[in-house]
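Here is the structure we will look at, set down as structure tokens.
The values are calculated or read from the model by the stated rules, or taken from the named source; none is laboratory data. Computed from a predicted structure; not experimentally measured. Cβ placement follows ideal geometry from the backbone for every residue including glycine, while neighbour counts extend to all protein chains displayed.
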Amino acid sequence: MKEYERKQPLFSLCGLNCGLCPRYQSEGTSKCPGCGGEDFYLKHPSCAVITCSKKHGGIEFCFLCESYPCERYAKPSKKDSFITYQNVLRDMQRAAQNGIGEYLAELDEKIKFLQTLIGKFNDGKKKSFYCTAVNLLDREDLTDIREKIEGRAGNTPKEDMIRWIESMFVEKAAARGIGLKLRK
């Protein structure tokens, strides 16, 4: 898979939101460049999905393949790695229906919010939680949380702010029947 590159490394070929992954949001040697990002092949020397894509004309996203949905997507993954796989099918469907440009604009909005959370409201233990929560919740819920944070930021000690933010994510997720823990 040497020198595999993609135009959109933050939304993977297989439907993961790489820009919302803790490894993408890391610094140093463990930082992942996203699917097909710079030096991707050094971090991920093999990938069955990329091999499959090459066999199907080098498609940019699995949902563009003539065989989609294939056997790989017939039974969605019940386990997560660094990032949740829970929304892969839903996100690819939305990108296919609404257009990749609109999907990437929403993803970019989520990434910026995530970076704010990690930069201002991380106690060293919340990055993975924030990545999962931002990935799983929809735009409306995230906008509501962001607006509440903006209205309260600066007036509350950081530790209290972090607990309050976490409680808002948990409340929104519970209302939607979403679990905010990675599935092992």
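If you go through segment 123-137 and keep only what is outside any helix (DSSP H, G or I) and at pLDDT 95 or above, you end up with LYS126, LEU137. Just to be sure before I move on: is CYS52 under 20 Å from ASP108 (Cα atoms) and either crowded, with 17+ Cβ neighbours inside 10 Å or of a type in the set (Ser, Thr, Tyr) (or both) in the structure I sent? It is false that CYS52 is under 20 Å from ASP108 (Cα atoms) and either crowded, with 17+ Cβ neighbours inside 10 Å or of a type in the set (Ser, Thr, Tyr) (or both).
Being on the phi < 0 side of the Ramachandran plot, out of contact with any Cys (no Cβ under 6 Å at 6 or more places or on another chain) and either touching a residue at least 60 places away in the same chain (Cβ under 8 Å) or exposed (fewer than 14 other Cβ atoms within 10 Å of the Cβ) (or both) holds for only one residue in LEU136, LEU114, and it is LEU114. Applying the selection to segment 145-184, what residues are of a type in the set (D, E, K, R), in a helix (DSSP H, G or I) and within 19 Å of the chain's Cα centre (by Cα)? ARG146, GLU166, LYS172, ARG176, listed by residue number. Among the numbered conditions (1) crowded, with 21+ Cβ neighbours inside 10 Å; (2) in contact with a helix residue (DSSP H, G or I) (Cβ under 7 Å, 6 or more places away or on another chain); (3) among the aromatic types (Phe, Trp, Tyr); (4) more than 22 Å from ARG139 (Cβ to Cβ), the only one that PHE40 does not meet is (2). In segment 79-98 there is no residue that is over 18 Å from the mean Cα position of the chain (by Cα) and assigned to a loop (DSSP other than H, G, I, E, B).
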